[in-house]
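Taken together, the values in this text are just the output of simple stated rules run on the coordinates, not laboratory data. In this text, all values refer to a predicted model and were calculated from it rather than measured experimentally. So basically every Cβ, Gly included, is an ideal-geometry build from the backbone, and we count neighbours across all protein chains shown.
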Amino acid sequence: MKKLLVVLAAAGLLFAMSSCAKKCTCTTYMLGEVDSVEEFEVGMGKDHKNCADLQKYFDESHAGYDESIKSGIKCE
């Protein structure tokens, strides 16, 4: 019985420490060079569900990443 209690307590602790929010790293490029790097939280309760959703937002606002000239914002 004590072993079961320890296992349940450990599982509860892991669950409490985990978060539904995730961080995406977005890099801004200008003229082929890195201009800045920022982290954004995405996931439960945030405006964007995941990094792809955040990238889509930047793409639609014309700040998306352009591979041919390495310019814009790229989120991973």
Cα-projected label distance for residue 76 with residue 49, points at 7 Å along beta-carbon direction, nm:
2.4
One finds, for residue 41 and residue 69 with R0 = 30 angstrom and r their Cβ-Cβ distance, a FRET efficiency to the nearest 0.05 of 0.55
